[in-house]
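Take a look at the structure set out below.
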Number of protein chains: 4
Amino acid sequence: MGLEIGFVGLGNMGLPMAANLLASGHRLTVWNRTQSRAEPLSGKGATIAPRAADTIRRGGVLVSMVADDAALTELVAGDPALAERLGQGGIHISMSTVAPATTRELAEVHRKVGSTLVAAPVFGRPDAAAAKRLWICVSGPAAAKATAQPILEALGQRVFDFGEVTEAANVVKISGNFLIAAAMEAMGEAFALAEKNGVDRSALASMLGQTLFACPVYQGYGAAIANRRHSPAGFRLPLGLKDVEIVLRSAREANAPMPTASLLRDRFVHALAMGRADLDWSAVALGAREDAGLTD
Amino acid sequence: MGLEIGFVGLGNMGLPMAANLLASGHRLTVWNRTQSRAEPLSGKGATIAPRAADTIRRGGVLVSMVADDAALTELVAGDPALAERLGQGGIHISMSTVAPATTRELAEVHRKVGSTLVAAPVFGRPDAAAAKRLWICVSGPAAAKATAQPILEALGQRVFDFGEVTEAANVVKISGNFLIAAAMEAMGEAFALAEKNGVDRSALASMLGQTLFACPVYQGYGAAIANRRHSPAGFRLPLGLKDVEIVLRSAREANAPMPTASLLRDRFVHALAMGRADLDWSAVALGAREDAGLTD
Amino acid sequence: MGLEIGFVGLGNMGLPMAANLLASGHRLTVWNRTQSRAEPLSGKGATIAPRAADTIRRGGVLVSMVADDAALTELVAGDPALAERLGQGGIHISMSTVAPATTRELAEVHRKVGSTLVAAPVFGRPDAAAAKRLWICVSGPAAAKATAQPILEALGQRVFDFGEVTEAANVVKISGNFLIAAAMEAMGEAFALAEKNGVDRSALASMLGQTLFACPVYQGYGAAIANRRHSPAGFRLPLGLKDVEIVLRSAREANAPMPTASLLRDRFVHALAMGRADLDWSAVALGAREDAGLTD
Amino acid sequence: MGLEIGFVGLGNMGLPMAANLLASGHRLTVWNRTQSRAEPLSGKGATIAPRAADTIRRGGVLVSMVADDAALTELVAGDPALAERLGQGGIHISMSTVAPATTRELAEVHRKVGSTLVAAPVFGRPDAAAAKRLWICVSGPAAAKATAQPILEALGQRVFDFGEVTEAANVVKISGNFLIAAAMEAMGEAFALAEKNGVDRSALASMLGQTLFACPVYQGYGAAIANRRHSPAGFRLPLGLKDVEIVLRSAREANAPMPTASLLRDRFVHALAMGRADLDWSAVALGAREDAGLTD
């Protein structure tokens, strides 16, 4: 028997996620800034709310998947504020990729009104979301996580619990994105070295993806970087920079220098200077090739 | 029906490789600087040569697996010089990890006397060598590679051909080691950020190794770095620095800046300054943690 | 014959500057958050205002020297807002070190009410301020700068005009601070290399300061870094980090990668991780020495 | 009354230096690889030797100013070897810019035959050499330095003594060149930031050279970098890279990480990839500008 769930944020990720919750037998009241995106869900049984705050009742459950920190803060603490509406006993499962500091602040906002924030960011692209193949990292108070568990299981292939500090899962998520970006830069450098020595970039990427690095990040991005195929964008380059900047800001707050993240930031800024805002974030790897004088 | 093969270099890698060739029916004449290491092979049918040059006859086949560029150069071009002994029609399968420039020079030495150098460096530790699980990258003239193929197949699980430029496989090998080191540094930074935010390092490494980075490098080194378990050394830290320096020298010759390699070099030098020469090269990741003030 | 001038911000820099304006025959109405700091000026003829907005009249002249961007924004656009009070024809000479973006935004706030913002940040420590030895960089609309000129001349030894773009002088100021920090880091690295080679750090600093680098930055900071004398702080380390972060944010907005600034940021963050918040910003140079294993 | 001096190396620096020694009343026997360059000195009283070893007699004094480490090693330890000819009591004043390790090794070669090596590298361009305006750093055994002192005083405006470790002055010299290169890179970054913000590069360089950085390096190179005037080359870019590589090799031997030197190496390599081998080494600053997308 399903739960009553409010769902806010029907972008490329949120829409298939909401559809999966409906398919699992949950009852959804949904809202999206651009209301037309909610309509397909209406046919699947979702109720469309006029305002975000109307997706939930006091003590209920909310799932949010919005664009960035500002949108999440506006949702939770804006006017009308969802946290207040949620009130005593309410649970907010926040699945967006945001800064740990944002989660920390908003968790406090929830606590003050008796509700609980659970962080549950995901790894995976829209196609993985549609196929329930997301990897979900979760953190927050145990009781609220227990309530969230069946919802998360309806959305992904695996849930990883990172304890009771609410923002922990956000730290994990941005660390993962940082590691992907670091791998892309390293491949960019290695492939430039190979190319200048007459070694075929694709052959190198293919070998690595079948051996030492037989995993999704090196296989997918390795092929894209080897062939310089950065369009259409699966994840736009400015979003990659945004995430690296969240990493650096978090590292700053924690007094943890991260020179690889600094290098990545410089590379992303360079990519913007070269007019690459519409390319996939894997285009960050072009910098190493250009530094080597390969500009065709 | 096996081949007559000379085999030079019976270290941790070379010894199990030679044993595998014997087990595959090849006839070996072996030599090692420290002769006692050759004795176990005697009982398996190998002939022990008094000098390296005595392992082969004119026009024969040699496999070498020696410590470094200097040892390989001494072997090929020293006194007596193996290349001359090998002479017209001889084939030298060079499996050591050396600089592309060294291979380029030695290929020329072979060419002058009518023999052929084939580069065939490997990925894998001694246990992988013993289990014929090595990944082998090969490059050089096609005819010589054809002769080498059954020998390489007796040594590894997969052979990747990188074309006719002799040093190409060496470029691939050092690129692979560079990518491993870059991944270790990135994990060191990410795990330091996590630790300072109260996130469990091992839980993070474990999740990554099951999802985005479900591949040997991130699984094995991820666990080691998360737990700061860098002893006993599978690959000693100064050898890691040696390989990064080969990368940087090759990049210099090719006019390809590699800022991640520069960062790695600084980290390895720091590790030596901290007295870590006997640790595994994954200890390079300790630098990021110390930079964050975590010094216990 | 002097001018009527409002003066806000009587910190270590502002206080001697205000005293110099009084000594030059100008009439000052002053305000400071901590009012007691204003009292010494009272004896020199200054009028003490109850609120910042009371230091000026419509169409008058204001000089501000406050702590940071937030304080300046609060002053200009808070409640009551100085810009509105200043009104048509008023001139605000903003001498604080702030981000160019802050100046750009506040210039617009002034423009809307008919007044003009002039940026006039300074180079020099409190002793230079007291001795009228400041170097002042100025930018903004020409007419307003003409009014500001005699005031600036009463405060420093030299005024450098950087044109009509209001925030230009702020770009110059943060560039200068960046160059100082870059020089300190480079000295830290060079002196560590020297020390590990048995060369006397002080002798090296002294020679450089008499030859290639016979200028204030290398002489003063060179001696401090050579002798690791970072206390008492002339300019506290977190302020140095603040300025480097302004540089990086400005560089980000301009799509200009600055790898040396990224390195500096990492070094400052490391210094904070080591508990050096109360030291002079020249303590950023300790990082290079520690990286070399010199930790006594 | 002058001394009998052998002088080897009559390049752009050596020639005016030798002329100054003659003008000071010393008697010179000179040699240069390209003998025609020695001829102008013949008219000033110098004796031209047929071979380098013929410039000195046993127990005499030699001054050398050659191109690089290889040339110096060949001179001292080649065939015929100058060190042997110099023999018991001889003094060799080595003024070339070479690696400390080279000096250390050659000092030992001298010691074995009873002679003494004194390191005395110089700061200054050919015009400074001609005007006796060189700054000279000296190190080595005290007695030999005492003999060298009047010779050095005839060559420069100031002699700085760095003690008895022979290679100390070489460490100082490469540290100085490193600091110059670091300053050039930092200016390149600052000027790119300024340019993208509409600030005049030359005005910025000029202000800095009159204030914080009123010293030769920032004044001269600042103007060159602001105006992108890198030709004709006063010091060719590949020589700058050579010196940075000496710094990094020395830092490696001393286990001292130098991230700014690593960055410089990457920038110099990039400059070579862009075909700038014939420009002045200050062209290293172009990299920061291009990274910001300014490619006109």
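FYI, it's all coordinate maths here, none of it is from the lab. These figures come from a predicted structure and were not determined experimentally. Glycine gets a Cβ as well: all are built from the backbone with ideal geometry, and neighbour counts include every protein chain shown.
What does the charge count around A:Val165 come to, taking other residues whose C-beta lies under 11 Å from its C-beta (Lys +1, Arg +1, Asp -1, Glu -1)?
-2
Taking the label point 7 Å along Cα→Cβ, C:Gly43 and its counterparts in the other copies are spaced 7.6, 8.5, 9.8 nm apart, in ascending order.
Remark: relative contact order (chain A) = 13 percent; criterion is Cα-Cα distance under 8 angstrom and separation of 6 or more residues. Annotation for the range C:173-218: GluC sites (Glu not before Pro) lying in DSSP loop with at most 13 further Cβ atoms inside 10 Å of their Cβ do not exist.
Taking the Cα centre of the range D:171-291 as origin and assigning +1 to Lys and Arg Cβ atoms and -1 to Asp and Glu Cβ atoms, the resulting dipole is close to 180 debye. Across the copies of the chain, C:Arg249 has label points (7 Å from Cα along Cα→Cβ) spaced 1.0, 4.5, 4.6 nm apart, shortest distance listed first.
For D:Gly14, the shell of other residues with beta-carbons less than 15 Å away shows a net charge of +2, using +1 for Lys and Arg and -1 for Asp and Glu. The trypsin sites (Lys or Arg not before Pro) of the range D:89-175 that DSSP puts in a loop, and whose beta carbon has at most 16 other beta carbons within 10 Å, are D:Arg133. By other beta-carbon atoms within 10 Å, ranking B:Thr211, D:Thr47 with the fewest at the front produces D:Thr47, B:Thr211.
Are there chymotrypsin sites (Phe, Trp or Tyr not before Pro) in the range D:230-296 that DSSP puts in a loop and that have at most 16 other Cβ atoms within 10 Å, and which ones?
D:Phe235
Straight-line reach from A:Lys112: taking Cα to Cα under 21 Å and skipping same-chain neighbours fewer than 8 places apart, the lysines in range are A:Lys145. Calculated on the Cα set of the protein assembly as shown, radius of gyration then Dmax: 34.0, 110 Å.
At 4 °C and 1.567 mPa s, what whole-number value in µm²/s does Stokes-Einstein give for the translational diffusion of the range C:171-291, with Rh from the Kirkwood sum over Cα pairs? Reported coefficient: 90 µm²/s. Fewest neighbouring Cβ atoms within 10 Å first, the residues C:Met184, C:Met258, B:Met274 line up as B:Met274, C:Met184, C:Met258. Relative to the longest principal axis of the Cα atoms of chain B, helix B:100-112 runs at roughly 10 degrees.
Chain B holds its axis-closest Cβ, relative to the rotation onto D, at the residue and whole-Å distance B:Ser262, 2. If you bin all the Cα-Cα distances of chain C at 5 Å, starting from zero, the percentages per bin are 1, 6, 12, 15, 16, 15, 12, 9, 7, 4, 2, 1, 0, 0. Neighbouring Cβ atoms from other chains, within 10 Å of the Cβ of residues in B:244-254, number 4 on average.
For the protein assembly as shown, what does -39500 (n - 2.57) per DSSP helix run (n ≥ 4), summed and divided by total residues, give at 222 nm, in deg cm²/dmol to the nearest 500?
-15000 deg cm²/dmol
For C:Gly89, the distances from its label point to the matching points in the remaining copies are 6.8, 9.2, 10.6 nm, ordered from shortest, with each point set 7 Å beyond Cα toward Cβ. Can you check what the net charge comes to around A:Ser231, using other residues whose Cβ is under 11 Å from the Cβ of A:Ser231 (Lys, Arg +1; Asp, Glu -1)? Here the charged neighbours net out to +2. Counting beta carbons within 10 Å around each of B:Asp79, D:Asp69 and listing the fewest first gives the order B:Asp79, D:Asp69.
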